[in-house]
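Enquirer: Quick one: structure below, then a few questions.
The values are calculated or read from the model by the stated rules, or taken from the named source; none is laboratory data. Small disclaimer: the values here were computed from a predicted structure and weren't measured. All Cβ positions, glycine included, derive from the backbone under ideal geometry; neighbour counts span all protein chains shown. The accessibility values were calculated without ligands, DNA or RNA, using every heavy atom of the protein model including side chains. Shrake-Rupley method; radii C 1.70, N 1.55, O 1.52, S 1.80 Å.
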Amino acid sequence: MIVMLAVTLYLKLPEFRKRAPAVSRLPRNIDISLRTVTYSETRDGRKKWVLEAQQADVAQKNNLIYLTHPHFVVYLDQQPGTVTMTAGRAIYDIKTRDVTLADKVSATSDTGMNVETEEVFFDAGRSLLTAEDHVKLVHRNATVEGDGMELHTINGTVKLLRNVSATLKPGGR
């Protein structure tokens with residue numbers, strides 16, 4: 001009787017026959033994979049930066065976190081404001097707190113300055129954003145381009161380092 005009941009349930013109820021979906025394996029160098037993550041740093045009660053991403057793959061052996069579609073906000077120290085950057089991917093170093101953004105980095109400041117480049121490195125120890133590639137900076141009626149950039153988050157100054165050219169458009173915005 002019990003066997004007949006078990007067979008009847010098995011044949012009549014398809015959910016008994018369904019298997020749980022298999023969990024996909026992570027690449028060898030990845031220990032943990034997370035969706036929608038947020039990292040931040042606060043010093044002396046003030047936010048320094050906030051890093052968000054759609055996915056984070058943690059490689060504990062290397063002390064690196066590989067981020068997909070990051071959104072990185074850096075708070076300027078001496079003047080109120082932020083610089084907000086987006087990119088295709090990023091790498092966060094757990095030990096040094098340094099961040100490397102890559103794949104078409106786009107940055108916008110509160111003052112309306114827009115920056116475009118291929119890769120940006122944030123040196124957390126020096127509070128410095130740097131780029132070695134070609135950089136295009138657009139602010140109001142001026143466009144400045146060059147190779148290499150430094151943005152000091154302590155005082156908010158931006159320097160383009162080599163092969164600098166500027167285009168000014170007279171008139172309004």
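Enquirer: Pick out the one residue from Lys61, Lys47 that is open to solvent by 20 Å² or more (accessible area, probe 1.4 Å), modelled with pLDDT under 90 and within 22 Å of Asp110 (Cβ to Cβ). Steps first, please.
Expert: Details: Lys61 fails: within 22 Å of Asp110 (Cβ to Cβ).
Exactly one residue qualifies, and that residue is Lys47.
Enquirer: Under the condition of being open to solvent by less than 20 Å² (accessible area, probe 1.4 Å) and either not in a strand (DSSP E or B) or not small (Gly, Ala, Ser) (or both), which residue from region 146-173 is farthest from Phe72 (Cα to Cα)?
Expert: It comes out as Met149.
Enquirer: Take Thr143 and decide whether it is β-branched (Val, Ile, Thr), part of a strand (DSSP E or B), farther than 17 Å from Asn114 by Cβ and touching a strand residue (DSSP E or B) at 6+ places or on another chain (Cβ under 8 Å).
Expert: Taking the combined requirement at face value, the residue does not satisfy it.
Enquirer: Is it the case that some residue within region 72-81 is surrounded by 14 or more Cβ atoms within 10 Å (Cβ to Cβ), more than 13 Å from the chain's Cα centre (by Cα) and part of a strand (DSSP E or B)?
Expert: Yes: one or more hits.
Enquirer: Taking the condition at pLDDT 90 or above, of a type in the set (Asp, Glu) and within 30 Å of Asp31 (Cβ to Cβ), does Asp147 pass?
Expert: On the way: at pLDDT 90 or above: yes; of a type in the set (Asp, Glu): yes; within 30 Å of Asp31 (Cβ to Cβ): no.
The answer is no for Asp147.
Enquirer: A follow-up question, please. Pairs under 9 Å by beta carbon, first residue of a type in the set (S, T, N, Q) in region 52-72, partner open to solvent by 80 Å² or more (accessible area, probe 1.4 Å) and part of a strand (DSSP E or B), six or more apart or different chains?
Expert: Listed pairs, sorted by first residue: Gln54/Arg35; Gln54/Thr36; Gln55/Arg35; Gln55/Thr36; Thr68/Gln54; Thr68/Arg89.
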